[in-house]
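Structure first, commentary second.
No lab work stands behind these numbers, since they all come straight from the coordinates. What you are looking at is a predicted structure, and each value in this text was computed from that prediction instead of being measured. So basically every Cβ, Gly included, is an ideal-geometry build from the backbone, and we count neighbours across all protein chains shown.
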Amino acid sequence: MSETKLGQTRADIASMIRVNQAGEYGAAQIYKGQLAVMGDHAPQSSEIHHMAEQEQRHLDAFDQMITERGVRPTILQPFWKMAGYALGATTAAMGPRAAMACTAAVETEIDKHYQEQLDTLQAESEPELTSKIAEFREEELEHKATAIASGAEDTPGYPVLSAAIRLGCRVAIGLSKRI
Ligand SMILES: [Fe+2]
Ligand SMILES: [Fe+2]
């Protein structure tokens with residue numbers, strides 16, 4: 001067992017649940033913003049609907065853990081609501097490939113984030129949290145694969161757009177762990 005695992009406290013677990021709930025909330029908002037702009041009849045709409053449904057399931061699971069364990073949600077909830085929706089709406093307005101570039105960028109960071117948690121979590125003492133994160137991470141990777149298959153990387157200015165979104169995600173994740 002690593003030192004990190006031995007040092008894992010209740011506060012560490014609460015922080016994980018807090019940031020995950022925030023991230024899933026933000027993800028659900030991104031797709032809401034994208035669908036508001038694209039409508040239900042764009043070629044990508046059904047894929048985005050499918051991803052949105054999965055994000056809602058992820059969010060429901062962390063909402064439940066927040067309630068059951070009495071974890072304080074992030075005070076940045078209003079920020080995630082606005083920033084997620086704006087990011088979704090803006091990228092969708094740039095075009096369907098930009099919308100997919102947004103998903104690819106976000107899921108790249110979420111994958112890293114969930115993998116880091118899986119590396120630190122003690123599965124024996126946190127079986128539910130561990131299995132949910134593992135399951136959701138798989139679905140985030142599917143979202144990323146869908147986005148890339150839908151032409152995310154062909155969007156004009158992809159490297160800059162992707163780097164900006166990824167940086168935003170890392171900042172938001174870092175903040176929501178603590179506040
Ligand atoms: Fe998710
Ligand atoms: Fe996702």
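Each stretch of four or more DSSP H residues adds -39500 (n - 2.57); spread over every residue of the chain, this sum gives -28000 deg cm²/dmol at 222 nm.
Peptides 52-63, 25-36 ranked from most to least packed, by the mean per-residue count of other Cβ atoms within 10 Å: 25-36, 52-63. Label the stretch 107-179 by shape, choosing from rounded, prolate and oblate, from the square roots a ≥ b ≥ c of the eigenvalues of the Cα gyration tensor; if a/c is under 1.5 it is rounded, and otherwise prolate applies when a/b is larger than b/c, oblate when it is not. Oblate shape, in that a/c is at least 1.5 and b/c is the bigger or equal ratio. If a spin label sat at a point 7 angstrom from the Cα of T67 along the line to its beta carbon, no backbone N atom of the stretch 124-146 would be nearer than 17 Å. Think of each Lys and Arg Cβ as +1 and each Asp and Glu Cβ as -1; about the Cα centre, that makes the dipole of the stretch 3-178 roughly 760 debye.
Taken one residue at a time, the phi angles of the stretch 166-176 give Karplus couplings (6.51, -1.76, 1.60, θ = phi - 60°) of 5, 4, x, 4, 5, 5, 5, 5, x, 5, 6 Hz. Gly and Pro are set to x. When only alpha carbons are used to place a centre, the stretch 124-161 and the stretch 66-108 end up 13 Å from one another. Of the peptides 84-94, 64-74, the ranking by mean beta-carbon count within 10 Å, highest at the top, reads 84-94, 64-74. By the gyration tensor of its Cα atoms, with a ≥ b ≥ c the square roots of the eigenvalues, what is the shape of the chain: rounded for a/c under 1.5, prolate for a/b over b/c, or oblate? Here the chain falls in the prolate category. Sticking with the crude label model, points 7 Å out along Cα→Cβ, report the distance from S131 to A36 in nm, one decimal please. So the two model labels end up 3.7 nm from each other.
Working from label points 7 Å from Cα in the Cα-to-Cβ sense, the V160 to D119 distance is 3.2 nm. Model label points for A11 and L141, set 7 angstrom from Cα along the Cα-to-Cβ axis, are 3.3 nm apart. When only Cα pairs below 8 angstrom with a gap of at least 6 residues are kept, the chain shows a relative contact order of 30 percent.
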